[in-house]
Amino acid sequence: MNPFPALKKDWHVTLYFWKLVHSMSKSYIPLMVGSSLCSAIFPFINIILPKYLIDELMGAGREMNIILWIGILVAGNAVLGLLQSYLNKQIELSNVLVMDSLELHVGNHIMNLDYESLENSKVLDLKEQALTPIRQQDVIRKMLDSMKILLQTMLSLLGLTALISTLNIGIIVLIIGMIVLNTFIFKKSQQAQFNFHKLLAPLNRKFGYYSKLAVDFSMAKDVRLFGMAPYLLNKVDAYHNESVRGFGGLYEKVGRYKGLTSVNLQLQMVIIYAYMVVKVVTGKIQMGGFVMYISAANSFSAQVSLAMNAYVEFRQMCKYIEVFREFESLRPTMKSGEERLEKLINIEIEFCNVSFKYTGNESYSIKNVSMTIKNGEKLAIVGQNGAGKTTFIKLLCRLYEPDQGEILLNGRSIQDYRYDEYMKILGVVFQDYKLFSFSIKDNLCAKNSEISDKEMEEVLNQVGLEAKTKYLERGLDTQVFKIFDERGTDFSGGESQKIAIARALLKKSPILILDEPTAALDPYAEFEMYNNFNLLAANKTVIYISHRLSACKFCDKIALFNNGELREYGPHDQLLKDQQEYSTMWKAQAQYYQ
Ligand SMILES: Nc1ncnc2c1ncn2[C@@H]1O[C@H](COP(=O)(O)OP(=O)(O)OP(=O)(O)O)[C@@H](O)[C@H]1O
């Protein structure tokens with residue numbers, strides 16, 4: 001087997017890793033070099049100086065010399081010990097900094113990936129394989145430690161080789177031979193662990209999902225009402241048992257490897273001691289020399305073993321870092337141009353023969369849809385469940401790219417515009433909108449400090465939430481949910497939806513998209529919302545999806561989707577006259593109100 005390609009790969013991974021660490025902590029490398037130097041010098045004080053002390057004690061026994069050697073020994077240990085603990089403390093601090101920065105780095109990376117890729121099971125498995133070892137097996141710290149140990153041991157070994165060679169170079173050959181054998185065993189054990197964790201990744205993801213469901217507060221209602229607890233616990237238990245079985249097998253294997261290593265080490269020490277005793281008995285070395293060479297041999301053995309283990313660990317960690325690098329190298333693939341949007345006044349959207357299929361699906365969720373939405377138009381999108389309404393909106397929001405056709409904004413593909421500027425023209429409330437455990441203010445406009453409290457209060461008033469927020473002790477600074485603050489507030493489903501609508505309105509975007517905007521609202525609130533609609537969304541282009549057809553009356557146009565196709569399109573009265581699906585749906589709903 002040619003080791004060079006593997007070494008070259010590790011070299012690239014190491015360079016990548018250092019750049020990553022250096023971008024997070026500039027002081028890490030100098031600290032590491034300093035600490036390694038310190039640790040490398042340390043053993044020599046306790047190997048060489050005692051020789052002179054023992055020889056003095058067993059020879060001339062001069063008091064001043066004895067005191068001098070003891071003084072140098074103690075002072076050397078104290079100075080190096082203090083320096084080393086200072087550097088180690090600084091390294092520990094840098095470790096914390098690196099780990100925290102890495103979490104930030106990962107979060108930023110994931111938030112910038114294509115939305116679509118986050119539903120792709122290959123990407124999700126890669127994410128799991130990349131992040132689980134980093135979070136659960138301390139890969140970054142182990143990589144840093146192994147590199148530090150490698151540097152330190154290399155320096156120590158140079159000195160120890162020079163020292164032991166003055167007696168017999170064969171000792172070094174013996175120690176290295178034994179350690180190569182042990183490293184081979186250690187490597188086998190590491191490989192078994194790596195393979196095991198790779199296999200464990202998909203299982204971990206499922207285990208994590210079910211365990212999270214069991215403790216996730218937002219799931220607590222459904223879990224209780226549908227009696228899901230035994231089902232969830234069974235799943236968690238099954239995955240847990242599978243994982244425990246796997247770990248049991250792994251530890252048994254690792255234990256066997258460790259036992260074998262220990263036997264080899266004992267054998268090596270027996271040979272070295274026997275050799276040294278013969279040297280003393282035959283008068284080749286003094287007692288001081290015996291102690292020095294035994295210490296040097298022990299230290300050499302320990303340092304080589306440390307270096308080999310560190311090297312194997314380093315290579316092992318390189319594999320994890322390699323997976324992390326692969327995950328980190330994922331880039332958004334969706335096209336995003338540089339066209340500016342600032343000066344657009346009138347906005348016209350055009351879907352031109354747009355078709356779209358979700359990755360892994362057999363059929364298209366949007367089929368050959370063409371439609372123009374004029375500036376300021378109010379468009380209602382209706383259709384049965386699964387007809388493609390939300391997908392239509394997601395395409396407009398650039399969460400996915402059409403497979404065929406294109407979506408134009410004022411005659412140019414929406415992909416040509418800068419993504420950040422394009423997002424500014426959309427105020428969206430999806431069916432599954434989320435509120436955050438932040439203050440009400442931050443939920444409304446965390447990003448935009450230009451929006452005043454007064455404006456927020458006005459919009460909350462318009463969406464009918466002032467009665468709730470006005471009497472809150474800390475007003476807009478009240479926390480949503482009680483997760484971090486027991487004085488926080490919980491909103492009902494309808495109130496939450498109103499907050500989400502207020503958030504979209506405060507974005508002051510020219511296009512407002514509401515997916516089931518009144519689904520959670522009571523009849524008064526719904527009536528109020530529609531009455532206010534023209535005021536709330538004056539001059540805006542509004543697209544909203546609704547199963548409540550009464551809302552369609554407020555709209556200029558209605559688009560009816562069926563099985564991904566745009567089947568009917570026109571004003572309410574026109575579609576009623578056409579006597580097709582819209583008219584049937586309208587009548588079906590209307591009869592319950594007569
Ligand atoms: N993330 C996804 N991955 C794969 N298929 C999806 C995904 N989201 C939706 N689909 C499929 O695409 C089709 C259209 O879904 P869409 O959510 O657009 O329907 P909808 O008209 O909004 O339905 P509803 O009224 O129930 O909200 C459905 O068949 C659905 O199963």
(message) Suppose the filter is away from the ligand (no atom under 16 Å from the Cβ), buried (at least 18 other Cβ atoms within 10 Å of the Cβ) and within 29 Å of Leu409 (Cα to Cα); does Val480 pass it?
(response) no
(message) Let me confirm something: among Ser336, Ser305, which residue is of a type in the set (Gly, Ala, Ser), within 30 Å of Leu426 (Cα to Cα) and within 36 Å of the chain's Cα centre (by Cα)?
(response) Ser336
(message) Anything in region 358-405 that is charged (D, E, K, R), exposed (fewer than 15 other Cβ atoms within 10 Å of the Cβ), more than 11 Å from the ligand (Cβ to nearest atom) and farther than 25 Å from Leu576 by Cβ? List them, or say none.
(response) Asp403
(request) State all residues of region 164-193 that are of a type in the set (Ser, Thr, Tyr) and either within 26 Å of Val291 (Cα to Cα) or not in a helix (DSSP H, G or I) (or both); if no residue qualifies, say none. (result) Ser165, Thr166
(message) Within region 325-339, does at least one residue satisfy the condition of being surrounded by 19 or more Cβ atoms within 10 Å (Cβ to Cβ), polar (S, T, N, Q) and either over 30 Å from Lys187 (Cα atoms) or outside the structural domain of Arg141 (by TED's automatic domain parsing) (or both)?
(response) no
(message) So, Lys319, is that one charged (D, E, K, R), assigned by TED's automatic domain parsing to the domain that holds Leu131 and either under 30 Å from His105 (Cα atoms) or more than 16 Å from the ligand (Cβ to nearest atom) (or both) or not?
(response) yes
(request) Please name all residue pairs, on different chains or six or more residues apart, with Cβ atoms under 7 Å, provided the first residue is in region 358-374 and is in the same structural domain as Lys394 (by TED's automatic domain parsing) and in a strand (DSSP E or B) and the second residue is more than 8 Å from the ligand (Cβ to nearest atom) and hydroxyl-bearing (Ser, Thr, Tyr). (result) Ile366/Ser355; Lys367/Ser355; Asn368/Ser355; Met371/Tyr569; Ile373/Thr541
(request) Considering every residue within region 449-465, establish whether at least one is touching a strand residue (DSSP E or B) at 6+ places or on another chain (Cβ under 9 Å) and either surrounded by 21 or more Cβ atoms within 10 Å (Cβ to Cβ) or among the charged types (D, E, K, R) (or both). (result) no
(message) So, in region 301-315, exactly how many residues are of a type outside the set (Ser, Thr, Tyr) and more than 19 Å from Lys148 (Cβ to Cβ)?
(response) 0
(request) Spot the failing condition for Glu242; the list is (1) free of Cβ contacts under 8 Å to residues at least 40 places away in the same chain; (2) touching a Lys or Arg at 6+ places or on another chain (Cβ under 9 Å), and only one is missed. (result) (2)
(request) Can you work out which of the residues in region 406-433 that are in contact with a helix residue (DSSP H, G or I) (Cβ under 7 Å, 6 or more places away or on another chain) and of a type in the set (Phe, Trp, Tyr) is farthest from the ligand (Cβ to nearest atom)? (result) Tyr422
(request) Test Phe430 against the stated conditions and say whether it is surrounded by fewer than 16 Cβ atoms within 10 Å (Cβ to Cβ) and of a type in the set (Phe, Trp, Tyr). (result) no
(message) If I ask for residues that are assigned to a helix (DSSP H, G or I) and polar (S, T, N, Q), which ones from region 128-144 would you list?
(response) Gln129, Thr132, Gln136
(request) Filter region 348-357 down to residues that are surrounded by 20 or more Cβ atoms within 10 Å (Cβ to Cβ) and closer than 17 Å to Tyr422 by Cα and give me whichever is nearest to the ligand (Cβ to nearest atom). (result) Phe351
(request) Return only the number of the condition from (1) away from the ligand (no atom under 16 Å from the Cβ); (2) farther than 25 Å from Cys445 by Cβ; (3) over 40 Å from the mean Cα position of the chain (by Cα) that Glu568 does not satisfy. (result) (1)
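The values are calculated or read from the model by the stated rules, or taken from the named source; none is laboratory data. Predicted model only: the values in this text are computed from it and were never measured. Using ideal geometry, Cβ is built from the backbone for each residue, glycine included, and neighbour counts are taken over all protein chains shown.
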